[in-house]
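**Q** Next up is a structure, given as structure tokens.
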Amino acid sequence: MQIVVGQPFAASETGGRANNEDAIYPAIGQAARGTGALFVVCDGVGGAERGEVASALACEALADGMAVTGGRDVQEAVKYTERRFDEYLAAHPEAVGMATTLTMLAFDRGGGVTVAHIGDSRVYQFRDGRIVFRTEDHSLVNVWVKLGRITAEEAARHTQRHVITRAIQGSSAPAEADVVRLTDVRPGDRFLLCTDGVTDVITDDALSSLFATHPTPEAVGRAIIDACSVRARDNFSFYIVPILRG
């Protein structure tokens, strides 16, 4: 059974930063409803515009890598992306150290939904305002939470909450994506891919409330933009992807 995607809504804003080191795929205005869709959101790090290069390159290369593998092998698409980083770094050695998080949501024409992520950008699945799926951050504070050293509430406020334990950097520091294939996807579900510029400002409970009270992806998206435009210290980027039928 094919899953049909409705019209997505996206934003990528500078927030409290001077430049935007996030990137999204497809570009705003280029995503369309239908089947066989791919969405990517990345948050670059590295400074001096290198984060901007890293996130944009990862979006482009992962999309190419998924096409090369026929959408069947996410880890191979990640390796393809790392090889593209190697090529860029060989030509631009001054960019050594650039890196990026990565989130991916892929709908294949056979009716499958694949989620993959590296770092602390997230993918959520909402149903009637409830979170039915959420990725787990690859971050230092999340490691500490799992070890029982700090609570989830302490992690949300910790000064080292932005230290990530996995990132796309190139094949010299390979990163494995967490990959999940979702089978419980229903009409009316909505997916959110977002960078930590969103989740720093809006808690999971607040996101649930937004998805429960706003009927369309655009309405939810405008509410997220309103909140982050006022309070975000970082760039913030997201895709909201609705499911029409399955």
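The values are calculated or read from the model by the stated rules, or taken from the named source; none is laboratory data. For clarity, every value in this text was computed on a predicted model and none was experimentally measured. So basically every Cβ, Gly included, is an ideal-geometry build from the backbone, and we count neighbours across all protein chains shown. For the accessible areas, the whole protein counts, side chains as well, though only heavy atoms, and no ligand, DNA or RNA atoms are used. Shrake-Rupley method; radii C 1.70, N 1.55, O 1.52, S 1.80 Å.
**Q** Answer yes or no as to whether Val220 is farther than 22 Å from Ala31 by Cβ and touching a helix residue (DSSP H, G or I) at 6+ places or on another chain (Cβ under 7 Å).
**A** no
Matching residues to (1) among the basic types (Lys, Arg); (2) over 14 Å from the mean Cα position of the chain (by Cα); (3) open to solvent by 20 Å² or more (accessible area, probe 1.4 Å):
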| position | (1), (2), (3) |
| --- | --- |
| Ile168 | no, no, no |
| Ser172 | no, yes, yes |
| Ala175 | no, yes, no |
| Leu192 | no, no, no |
| Ile202 | no, yes, no |
| Asp205 | no, yes, yes |
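**Q** Which residues, counting only those in the stretch 113-137, are assigned to a loop (DSSP other than H, G, I, E, B) and touching a strand residue (DSSP E or B) at 6+ places or on another chain (Cβ under 6 Å)?
**A** The answer is Gly119, Asp120, Ser121, Thr135.
**Q** Sticking with this structure for a sec: Among the residues of the stretch 89-102, is any over 30 Å from Pro215 (Cα atoms), part of a loop (DSSP other than H, G, I, E, B) and open to solvent by less than 10 Å² (accessible area, probe 1.4 Å)?
**A** Checking the stretch 89-102: at least one residue is over 30 Å from Pro215 (Cα atoms), part of a loop (DSSP other than H, G, I, E, B) and open to solvent by less than 10 Å² (accessible area, probe 1.4 Å).
**Q** Filtering the stretch 103-141 down to residues that are of a type in the set (D, E, K, R), in contact with a Ser or Thr (Cβ under 9 Å, 6 or more places away or on another chain) and touching a residue at least 60 places away in the same chain (Cβ under 8 Å), which residue is surrounded by the fewest Cβ atoms within 10 Å (Cβ to Cβ)?
**A** Arg130
**Q** Name the residue that is farthest from Glu60 (Cα to Cα), counting only residues in the stretch 152-166 that are β-branched (Val, Ile, Thr) and open to solvent by 60 Å² or more (accessible area, probe 1.4 Å).
**A** The selected residue is Thr159.
**Q** Right, next: Of all residues in the stretch 66-88, which are in a loop (DSSP other than H, G, I, E, B) and closer than 14 Å to Val115 by Cα?
**A** Within the stretch 66-88, Gly71, Arg72, Asp73 qualify.
**Q** Residues of the stretch 1-20 being in contact (Cβ under 8 Å) with a residue 60 or more places away in the chain, over 19 Å from Arg222 (Cβ atoms) and hydrophobic (A, V, I, L, M, F, W, C), which ones?
**A** Residues satisfying the conditions are Met1, Ile3, Val4, Val5.
**Q** Mind checking which residues of the stretch 78-94 are more than 24 Å from Asn235 (Cβ to Cβ) and of a type outside the set (Lys, Arg)?
**A** Tyr80, Asp86, Glu87, Ala90, Ala91, Pro93
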